[in-house]
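Notes follow the structure.
The values are calculated or read from the model by the stated rules, or taken from the named source; none is laboratory data. Remember, it's a predicted structure, so these values are computed and weren't measured experimentally. Cβ atoms come from the backbone with ideal geometry, glycine included; neighbour counts cover every protein chain shown.
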Amino acid sequence: MNKRLVSGIQPSGSLHLGNYLGAIKQWVELQSDYDSIYFVADYHALSAKTDPVEYQQQVLETLAMIIALGVDPKNAKLFIQSQIPEHAELSWLLSSYVSIGQLNRMTQYKEKSNRQGQNAALLTYPILMAADVLIYDAEVVPVGDDQVQHLELTREIARAVNNHLGQVFVEPKPLLGHSSRIMSLQDPQIKMSKSVAGSAIGLLDDEATVIRTIKRAVTDSDPNSPKISPAIKNLFDILSGVSDQATVSKFEKLRVNGSLRYSELKEALVEELLAFLRPVQKTFHALIKEESNLLKIVELGTEQVRPIAIAKLREVKKALGLL
Ligand code: TYM
């Protein structure tokens, strides 16, 4: 039996290149080597209080995009979080093993609560994320760098439960890819996200938008500096995520011998990005038209996965002394 791998993504707006390079690219690469379980974390993004009709569409689009990017439901089990209610039930059971201090320390909570207000779901969110992972005895969790702190907390929760009740949970490890931290194209000190204009390349962006966003991406004033700046490193990270090694090496050589022109790097980047995005968008548009197909895929995933969640929850309840 292969080791188990679990990961999820929030359906908050359309996905961007950071989501792909930081997480879904790894999901695709690893899907056949592990017993892979992937899901759309629709309970998680409820704290943003999106319009319900729009939200339903976002969940379906996220699902379609995961498949368009290469996750194959024949290799991986795919489902929607809210369709397996055991996650939320386990989350409640875990909450006795977490302190408010631990939750308050989460960087993402601090950032998001500054923007969205101090919603209790934002605070307790990492407990649900721990439940998502622990309920399947996942050994590895492929994520971007910004989720590592949440996974550390997941491990602390698993340890606290195991100390109290004996060996109930596996301690999962985060798995980071080569591009675990794709930065904003406007400010290389903050991560790429859809919430800042010009920061991200959306996976559904049209050609004109991709060209405009890359053209406006910040660089630095010295292409010949021996030390690579964060903005240029980010452009190289993106290039190596979507193109072949020969192209990256070509530009790397130019950079090292001091003859790199940023306009040429950006032109190549646009070309490679469009070559990557075109087939993905085509598959996405075909998939999103067939809503019933998408629902069938998650129905099958749920059937495969839910018995594991039910059994684990039963084990935990028994360990806790619940009748
Ligand atoms: P979310 O939906 O914010 O992001 C999905 C995945 O994309 C990665 N990511 C990035 N990677 C590199 N550079 C970036 N700029 C960038 N932006 C996003 C994230 O690290 C993530 O891997 N809490 C999770 C969803 C979740 C989850 C889980 C993940 C819920 N339950 C259980 C793993 C296991 C989240 O909000 O990711």
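Under 6 Å by Cβ, and 6 or more places apart or on different chains, what pairs join a residue from region 117-138 that is without any contact (Cβ under 8 Å) to a residue 12 or more places away in the chain and within 13 Å of residue 305 (Cα to Cα) with one that is near the ligand (Cβ under 8 Å from one of its atoms) and aromatic (Phe, Trp, Tyr)?
none
Can you tell me which residues in region 88-134 are near the ligand (Cβ under 10 Å from one of its atoms) and over 18 Å from the mean Cα position of the chain (by Cα)?
none
Restricting attention to region 157-169, and to residues there that are assigned to a loop (DSSP other than H, G, I, E, B) and not small (Gly, Ala, Ser), which single residue is farthest from residue 15 (Cα to Cα)?
Checking each candidate, the answer is 167.
Keeping to region 170-205, report how many residues are more than 9 Å from the ligand (Cβ to nearest atom) and not in a loop (DSSP other than H, G, I, E, B).
Looking only at that region, the number is 3.
Restrict the check to region 281-304 and report whether at least one residue is of a type in the set (Asp, Glu) and not in a helix (DSSP H, G or I).
yes
How many residues are surrounded by fewer than 24 Cβ atoms within 10 Å (Cβ to Cβ) and either acidic (Asp, Glu) or in contact with an Asp or Glu (Cβ under 6 Å, 6 or more places away or on another chain) (or both) when one looks only at region 9-50?
4
Look through 266, 227 and report the one residue that is at pLDDT below 95 and either in contact with a helix residue (DSSP H, G or I) (Cβ under 9 Å, 6 or more places away or on another chain) or outside any helix (DSSP H, G or I) (or both).
Answer to the check: 227.
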